[in-house]
1. How much FRET efficiency would the formula 1/(1 + (r/R0)^6) give for residue A:287 and residue A:337, where r is the Cβ-Cβ distance and R0 is 35 Å, rounded to 0.05?
2. Residue B:123 to residue A:84: FRET efficiency via 1/(1 + (r/R0)^6), r the Cβ-Cβ distance, R0 45 Å, to the nearest 0.05?
3. Could you let me know the centre-to-centre spacing of region A:113-155 and region A:49-78, using Cα atoms, in angstrom?
4. Just grab the label-to-label distance for residue A:370 and residue B:236, each label 7 Å out from Cα along the Cβ direction, in nm (one decimal).
5. Need one number: convex hull volume per residue for the protein assembly as shown, Cα atoms only, in Å³.
6. When Cβ neighbours within 10 Å are restricted to other protein chains, what is their mean count per residue of peptide A:43-55?
7. Subtract the Cα-Cα distance of residue B:49 and residue B:78 from 0.36 nm times their separation in residues, and report this length gain in nm to one decimal.
8. Within region A:150-176, find all residues whose amide N lies under 13 Å from a label point positioned 7 Å from the Cα of residue A:134 along Cα-to-beta-carbon.
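Derivation of every value follows stated rules applied to the coordinates shown; laboratory data play no part. Keep in mind that what you see is a predicted model, and the values were worked out from it rather than measured. With ideal geometry, Cβ positions are generated from the backbone for all residues, glycine too; neighbour counts draw on all protein chains shown.
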C-alpha cells in the first residue's frame, strides 16, 4: 500500500508540474504566434541553414516582431539534413511548442517528410529551400518562396536556343534534382529544335569530372548544361578550365545554384563567363536589393546573401503578410488562404504566390559571371518576367 | 585517346601516393588503419589554409603538408595506435573507424562542411600539346612527383639499413628486439612516413579529388581496393594496382559514362578472382 501511495504522489506531482506550464502557455498563446523553423544547421547542407536562418532573422529585425497585435516568436531547430529528424522535430514543434506556422526545409526529401504532418495538423508550411516541383502538391498547406528546378532550366533552354546554341551536352549529378534538371532542359531544348547530343550523369559522391569533360570536349557541342550540387560546382569549373573546353569554344550554362553567391568568390577566376539562369543574384540592380545586401552583410559579418537567404527573407515576409491579412488569426486554413495570391517586391524583384498551386511566380534572370570591384558576381543581362513552375503549368511531360 | 590514358595514369599515381602509406602499415606492420584517409585530409586542409590565409606558394605547401601529417602521425601513434598493435583486427578496425568519424566532425566544426577549393599556381595550369594529345601540366607534375616518391620508397625499403630493420621487425619482432633493433622506434617512424605520404597525397590531390570533411570516408574504399588488389608485401603491388584502377576508372567514365563509376569495382572483382592474394604476394596460400 505504501508503495502505491508513493507512486500516486509522484504521479500527482508530475501532473502538477506539467499542467502548470500548459496553462501558462495557453494564457500567453493568445498574443504570441510561434513559427517553427527546421533547417540543416549542421552537416553537408549547413550553408543552406546558415543563409536561410539569417534571411528569416533579418526580416524580423527590420520589421519588428509584432504583427497585427501578435508577437512573433521564431523557434529554430536543426535537422542535419536527415528526413527522419525533420519529421520528428516538426511533430515536437506542433505538439509540444504549439507552433502555428512551419518554415524552412533544406532539401526536397525533408519537405516531403513534413507534408503529411502539415496536412493533418492544418499548419501552413512555407518551404524556403526545396526545389522539386511536386513539393507544393504534397499538402494543401504548403506554400513556397524558393524556385523549382524547371523554373530556371526551361527559360535557360529557350534562351540558349535563341542565341545560337544548337548542340548541347548535359552533365548532371545522378540524383533526383539532377535528373529533373536534365529532363526539363532537354525536353524544352529539343522541342525548340536544338539537339542534346549526350546526357551524362555523374556520381554525386565521388566527382572526378576529368574523363566526363574530355568526352564532352571530343563531342564538340556549342555548350554544356550542368547541374551539380553547389559545392561541387567549383570542382567542375576548375576541370572545365583545365581541360580547355572554354578555348575549344564550348560555353558553360546551368541553373544558378552552380554559381551560388555564397561561394562564387572562392571559386576564383575559373567561374568567369559562366552563363546561368536563376531568380536571385546579389548583384541584382534595384533599390530593395541594395538595401537588403547591405543590411544582410552588416548583420552577418560580411557574408554575402545568396538565393537561400532571400528565400528565407521572403518566407518570413509571406508569414507576416498572411497574419496581417487574417488580423492575427492563426487558423491554418485562413492563413494559407491569405498567402494565396500574395504579391510584393522582394530583393530579387516582383514575386507572387500562385493562388492555384501556392508556388512562387517570379522573374528568371540570365546572368553571366563577371568581375566587379575585384569580386565575382552573377551580373544579370536578360529578364524573363513572371515565370510559373513549368511542370505544374503543364509545359513539361 | 592518349589524353585519356594520361589522365588515367595521373589519377592512378595519385591513388598510389594516397594509399601507399596504408600499404606500409597494413602490409608491413599488420595494422589495419582505416583512418588513413584522415591524414590525407589533414594534408589537403593544411594546404588550403596555408595558401588561402597565409598566401604561401603551392610548392612550399607540399612539403609542409608532408611534415605536418607525419607529425600528426607520430603523435597519434605514440598516444593511441601503439596500444593496438597486438590487439585483434576487429579492435583495430573499430578504433580507426571511430577516428575517422572524429576527424570528419572535427573538420566540419572548425572548417565548415563546405567544399574547400585549392587554387593551383598559374605555372601548373594549362596544357601541352604532344603528339596530337593534350596533356595537362598538372597531370605531368603529379606523375613526376609520384614517380619520385615511388622510387625513393623502393630504395629505402630495399637498400637501406632502416628498410631491413623494418622488415626484420615485421617478420619477427621478438628476435629483432633481441638483435638490438628498436622495434617501437622503427614502427613509429614508419607510421609517420606513411601518414606523411598520405598528407602529401591529400595536398596533391585536393584539386582533382575535391576536399571536404567526408574525404576520409569517400576515399577509404579506394585505398582499401588498392591495397587489397595490390597485395601488401611490397610496394610494387599497390603501385601496379593503382595504375590499373586509375586507368580503368578514367577510361570507363570516358567510354561508358552511364556505368563508368562501376568499372573500378568490376575490375577489382576480376583481379581478385584471378589473384585472391593480390597481384604481388609473398606466397599464394597463407
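1. 0.65
2. Calculated value: 0.35.
3. 20
4. Computed distance between label sites residue A:370 and residue B:236 equals 6.1 nm.
5. Dividing the Cα hull volume of the protein assembly as shown by its residues yields 198 Å³.
6. Going residue by residue through A:43-55 and averaging, the value is 2.
7. Here the segment from residue B:49 to residue B:78 would lengthen by 7.8 nm.
8. Output list for this probe position: A:176.
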